[in-house]
Amino acid sequence: MAHILASDDCCPSVKNILLLDSEGKRVAVKYFSDEWPTNNSKLAFEKALFAKTLRTNARMEAEIVMFQDNIVVYKFVQDLHFFVTGGDHENELLLAAVLQGFFDAVTLLLRNSVDKREALENLDLIFLCLDEIVDQGIILETDPSVIAGKVAIHSMDGAAPLAEQTISQALATAREHLTRTLLT
Amino acid sequence: MAQPLVKKDDDRDDEEYSPFLGIEKGAVLQEARVFNDPQLDPRRCSQVITKLLYLLNQGETFTKIEATEVFFAVTKLFQSRDIGLRRMVYLMIKELSPSADEVIIVTSSLMKDMTSKTDMYRANAIRVLCRITDGTLLTQIERYLKQAIVDKNPVVASAALVSGIHLLETTPEIVKRWSNEVQEAVQSRAALVQFHALALLHQIRQNDRLAVSKLVTSLTRGTVRSPLAQCLLIRYTTQVIREAATTQTGDRPFYDFLESCLRHKAEMVIFEAARAITELNGVTNRELTPAITVLQLFLSSSKPVLRFAAVRTLNKVAMTHPMAVTNCNIDMESLISDQNRSIATLAITTLLKTGNESSVDRLMKQITNFMSDIADEFKIVVVEAIRSLCLKFPLKYRSLMNFLSNILREEGGFEYKKAIVDSIVILIRDIPDAKENGLLHLCEFIEDCEFTYLSTQILHFLGTEGPKTSDPSKYIRYIYNRVHLENATVRAAAVSTLAKFGAMVDALKPRVFVLLRRCLYDGDDEVRDRATLYLNTVGSDGEVIETDKVVKDFLFGSLDIPLANIETSLKNYEPAEQPFDINSVPKEVKTQPLAEKKAPGKKPAGLGAPPSGPPSTVDAYEKLLSSIPEFSDFGKLFKSSAPVELTEAETEYAVNVVKHIFDRHVVFQYNCTNTIPEQLLENVTVIVDASEAEEFAEVASKPLRSLPYDSPGQIFGAFEKPEGVPAVGKFSNMLRFIVKEVDPTTGDVEDDGVEDEYQLEDLEVVAADYVMKVGVSNFRNAWESIGPDFERVDEYGLGPRESLAEAVSAVISLLGMQPCEGTEVVANNSRSHTCLLSGVFIGNVKVLVRLQFGIDGPKEVAMKLAVRSEDDNVSDMIHEIVASG
C-alpha cells in the first residue's frame, strides 16, 4: 500500500473521505491511508481540518486547501461537510471528481434532502456509497448516478425480486432520480 | 451565516430524532442476537448491522471476543437471500477484518457468491474475499478471479482488477500470472474497467521498461475511454519520456501526445497533461507555451479547485522558468484578493518570482496586508520569494529590507524567524548598499530575540561584517548589551564578536579591552576563557597597535579540517613534551571503519593494540607505524586502507590486513586474533609470496613473539616499490607459528610446541589504494578550475546489476574516492544518476570524477566516466581502475 501512495507515477489514490456535521463531528468517515494509525490521530485531523475550513464558503463550488502536506477538496451543504483528501502531488481535479461523485451520489440517495438528520436516517446508504466510490484508496467509480445505482439496488423494497434486477435497471432508476433532482 | 440560530435548533432536533441517540455498544451487541433467529428479519438485521458499523465508524472498538462473536453471528446471515442484507454483511465482514481461522468460516459462502449469477454478488464477494484472504486461499480462487477480470459486467471486472492491484503487494507471483486477462481488459469498452486494467497492467510490468514503453505506445495511438484512464496514461507516458531522455536526443518522444491531451474535453486530463509538460526534464520554452496557455485560462475559472491547481503548477514553473509565466501576471494579480488564502499565497509568491522592478512597491503593499492572516508555513514561502526578488532587483533593497525588518518584529516561530534572518544576511552579503541598514536591523532584533541559535548566528555575522563598515563603533553597544542580558551561550558569542572588533579595528581596541576585561568576572567558564584568550592574544595591553596576522588567522580564520578528525586526534594525543600539532590532523574525510562490523565481544586487548580490535583511524595508524624503527624512514603515510579480511568468520585464527601506502613503500599490517582458548601461538610470522607482484620487493618484516588467546596482535611486512608509481600486484599469505597447549583453567603453558602453518587468503594491492578520499566543498568550481587539459572520457557497460544504487556504490568503492554533494545517494526508482567523486592520487595529484549512470534495458547498467586531474597519467590510471575492475 505504502508504495502505491508514495509514487507519482502510480494510480491516483485517495487518502480519506470524510462526512462531518456542522460541529465537526463524524457522520461517516473512511480512511484508506495508514498516515493516521489511531482513532485519536484521525479525530485530530478531522478537528484541525474542520477548524481550518469552517469559515470558508464551500457551498456553491467545491473548495480546496493544502493541509498537513495533503490536498483536501471539500464542499458543504446544509449542516453537512464533505471532504476528500489526497497526497500533495495528486491531481486536484481528480480529487474534486471523487468529491463531486460522493456529493452527488449522496444527494441522489437522500432524494435531494441532504442534511444530517436524513444522512443519519439512511446511514447504511452512506456507508455503501463510500464503499462503492473508493476501494482501499483506489478510485472505483466517480459517476454519481452509477454509484447511487449500485447502492440503490439494496434500498428498494425487500419484497421485490431483487436478485433478478440488473445493473442497467438500477441505473435507470438512479438516472430517473437524477433527472428529478435536476428539474427541481 | 445567515441563520446560525436556526441551525442550532436543527441540531437539537437532530439529536432528538437521531436514530443513534444514546446508542450503546453493549446494547447493540445484545441486539445482534437477532442474527441467530431461525426466521431472519432482513430489515431488522440490516438496521443492527448499520448500528454496529456506526459504532465502529465513531471510533468504538470491539474486544477480540466481541468481534469474534459478531463475526460468527454475521456469518449466519448468508442464509438470507435478501440482497440488501447481503450487501451489509459484506461491509461488516470487511470492517471486522477477521483472523485467518475465522476467514475459513465464510470462505465457502463467499466462493459461492463469487460464482453466483447475480453480478452484484460476484463483484462484492470478490472484493471481500480478496480483502480478507491470504496467499494459500488465493490459489484456490485464482481461476474465478481470472474469469472475473474478463467478465462482461464492468462492475465485476473492476472488482477483480482493483483487488488484483491490492494483491500485487502481498502475492505478486500469483497476480503476475493474470497478465493475459488484464491485457484483454485494457481493451474493454467500459471506461472504468480500462482504467483499473491499465493501472494493474502497469504495476505488473513496472520493472520492465520495454513493456511499459510498448504499452504506452499502443495506448497513445488507441482510444482511452475515461478521463481517469487518460490521466493514468499521461503519468506512464511521462515516466517513459523521463527514462528515454537519458539515452536519446533530439525531439522528445510522446510530446505530441501530451500536447494533444491539452485539447481533451475533460479538465482533469487537460490539467494532468499541462502539469506533466511543465515537469518534463529540461523542458524548453517552446514545449512549455501551450501548457502555460491552458493553465492561464484555468486561473480565471469560477472553480476554486481549478484556480488552485493552475496557480500551484505555475508557481512551480516560475522557480525554473520565470519568464514563461510572466504572461499570466495580470490574472495572477487578481488572485491576490482570492477568498481562498492558499490560492492568494501561491499567486503572490509566483508574482514575486516573475514580477518586474516597477511592480515591486505595489506588490509589497499588497503583501503587507496579507501577511497577518496566513500561517507561518506560507510566510516562510513569501520571505524566501522576497529574498530572491531582492537579489534580482538590488535597487529595490530599501523597501524589501524594510518589509523584512517589519515582519521580523512581529510574532512568529523559529523557522519563520530563521528564514527572515537568513534572508537579511544574504542580502547584506550580496548587496553592499544594504549592509549598514541590514546590520542595524539585526542588532535591533537580537535586543529582543528569544532564540539562542539566532542570536549567536547574528553575533558571529556581526563580528565578520561589522568591523568593515564605516562606523564600527555603533555596533559595540548592541553587542556588549548581550554580555549583560543573555544566557552563557550568547554571552560567549558576544565576547568573540567583541574581540573581533578589537582585532580588526585598531582604534576600538582600547575600548574593547576594557569591556573584555569586565568579562573576566563572568559566571560562566566558557565566557571567561574566551575573554582571557582574546585579551592575551589580540594585542598588548590596551595599546593601539596592529594585531598580528598570524593571530588573526588563528583566532578567526576558518578551519579546513573535518571536525571529527580533529576530535579523534585530540583524543589520541597524550600529554608529552611535544605540543599538539594541528598539521598532523588528517584532512581526509573518514568513512565508517569496517572493523565495526566484525564479531562483537572482543575484550580490551593488551599492549600495542588499542581496545576493540585494530586501530582504524589514519592518525592512529601513523602513530603506530612511526613507533616501529624499521619503518621510520618511509616518510609520510599517504593512505591506509580499510581492513581486508583474510580469513572466514568463525575460524581458529582471525586475520585481517590493512595496507599502508607510502611514497616508496607499502606496509601490510596483519591484525591477528587467536580464538582458541587452549592454544598459545609463538613466533608468529606471515610468509608472503610476492611472485605475482613483480614490482614489489620485501624489505622488512616484524613477527609477533606470542599471540595468546583473544588478545589481538600485529605482524608487519614492508615492501619496496618504485617511487610514486601505483604498482599493483597479488600477494599470497601463509601464517606460520609454533603452537603451545594451554590449560584454560589454570593458564599453564606446556613447554613443548609444534610448528604449524595456516593458509590465509590472497591479498591484492590495487590502484584504488593509491587514491585518497578528499572531499571538495564545491564540485563544479573545482571541476572548472582543474580544467579540461587532462580530461579523459569514456563509456563502460557494467552488465546486469541489482539496482542502480548497487552499481553506483560498487564503482565508488572500486575507485576509493570521496562522493561529493551527497551524490552517492540514488533516488528510488530512478533510471539514471550522476555521481561526483573527488580524491588525491599518490604524489598529491588532485583527481575529480564525474560518473553518469543509466539503466539500459532490464538491469543493464551503462556508465560514462569523465576524469579530470592535474596529470594525464593519473586520468588514464583512473580509467584503468574502472576498466580492470
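The values are calculated or read from the model by the stated rules, or taken from the named source; none is laboratory data. Predicted model only: the values in this text are computed from it and were never measured. FYI the Cβ positions are ideal-geometry reconstructions off the backbone, even for glycines, and counts take in every protein chain you see.
Residues in region A:17-36 that are more than 16 Å from A:Val98 (Cα to Cα), assigned to a strand (DSSP E or B) and basic (Lys, Arg): A:Arg26 alone. Residues in region B:271-315 that are over 25 Å from B:Ile348 (Cβ atoms) and either of a type in the set (Phe, Trp, Tyr) or in a helix (DSSP H, G or I) (or both) were compared, and the one that is farthest from the other protein chains (Cβ to nearest Cβ) is B:Arg286.
The set of residues from region B:354-382 being of a type in the set (A, V, I, L, M) and within 15 Å of B:Ala344 (Cα to Cα) comprises B:Leu363, B:Met364, B:Ile367, B:Met371, B:Ile374, B:Ala375, B:Ile380, B:Val381, B:Val382. When B:Ile174, B:Ile165, B:Ile204 are checked against the criterion of being buried (at least 16 other Cβ atoms within 10 Å of the Cβ), on the phi < 0 side of the Ramachandran plot and within 12 Å of another protein chain (Cβ to nearest Cβ), a single residue qualifies: B:Ile165.
Figure legend. Inter-residue proximity from region B:808-822: first residues farther than 15 Å from B:Ile855 by Cα and assigned to a loop (DSSP other than H, G, I, E, B), second residues polar (S, T, N, Q) and modelled with pLDDT of 85 or more, beta-carbon distance below 8 Å, spacing 6+ or different chains. Indicated pairs: B:Met817/B:Ser838; B:Cys820/B:Ser838. From the list B:Arg429, B:Arg409, the one residue that fits, being within 33 Å of the chain's Cα centre (by Cα) and either touching a residue at least 24 places away in the same chain (Cβ under 8 Å) or surrounded by fewer than 17 Cβ atoms within 10 Å (Cβ to Cβ) (or both), is B:Arg429.
Residues that are under 17 Å from A:Ser22 (Cα atoms), more than 7 Å from chain B (Cβ to nearest Cβ) and without any contact (Cβ under 8 Å) to a residue 40 or more places away in the chain within region A:116-139 comprise just one, A:Glu118.
May I ask you to verify whether A:Glu46 is surrounded by fewer than 21 Cβ atoms within 10 Å (Cβ to Cβ), more than 10 Å from every other protein chain (Cβ to nearest Cβ) and part of a helix (DSSP H, G or I)? Give the derivation first.
On the way: surrounded by fewer than 21 Cβ atoms within 10 Å (Cβ to Cβ): yes; more than 10 Å from every other protein chain (Cβ to nearest Cβ): yes; part of a helix (DSSP H, G or I): yes.
Here the answer is yes, as A:Glu46 does meet what is asked.
Could you say whether any residue in region B:706-718 is of a type outside the set (D, E, K, R), buried (at least 21 other Cβ atoms within 10 Å of the Cβ) and within 22 Å of B:Glu880 (Cβ to Cβ)? There is no residue in region B:706-718 that is of a type outside the set (D, E, K, R), buried (at least 21 other Cβ atoms within 10 Å of the Cβ) and within 22 Å of B:Glu880 (Cβ to Cβ). Tell me yes or no: at least one residue of region B:226-243 is away from chain A (no Cβ under 14 Å), of a type outside the set (Ser, Thr, Tyr), in contact (Cβ under 8 Å) with a residue 12 or more places away in the chain and assigned to a helix (DSSP H, G or I). Within region B:226-243 (the criterion being away from chain A (no Cβ under 14 Å), of a type outside the set (Ser, Thr, Tyr), in contact (Cβ under 8 Å) with a residue 12 or more places away in the chain and assigned to a helix (DSSP H, G or I)), the answer is no, since none of the residues qualifies. When region B:88-107 is limited to residues that are assigned to a loop (DSSP other than H, G, I, E, B) and among the small types (Gly, Ala, Ser), the one that is farthest from B:Ser46 (Cα to Cα) turns out to be B:Ser99.
The residue list B:Phe72, B:Phe62 contains one member that is in a loop (DSSP other than H, G, I, E, B) and either in contact (Cβ under 8 Å) with a residue 12 or more places away in the chain or more than 10 Å from chain A (Cβ to nearest Cβ) (or both), which is B:Phe62. Take the residues in region B:107-127 that are of a type in the set (Val, Ile, Thr), more than 8 Å from chain A (Cβ to nearest Cβ) and surrounded by fewer than 23 Cβ atoms within 10 Å (Cβ to Cβ), then tell me which one is nearest to B:Gly59 (Cα to Cα). Among them, the one singled out is B:Thr107.
Within region B:255-266, the residues that satisfy the criterion of being part of a helix (DSSP H, G or I), surrounded by fewer than 20 Cβ atoms within 10 Å (Cβ to Cβ) and not polar (S, T, N, Q) are B:Tyr255, B:Asp256, B:Phe257, B:Glu259. Of all the criteria given as (1) assigned to a helix (DSSP H, G or I); (2) under 27 Å from A:Tyr74 (Cβ atoms), the one not satisfied by B:Lys365 is (2).
Return a yes/no flag: does region B:344-362 have any residue that is closer than 29 Å to B:Ala273 by Cβ, at pLDDT below 85 and exposed (fewer than 15 other Cβ atoms within 10 Å of the Cβ). No: zero hits.
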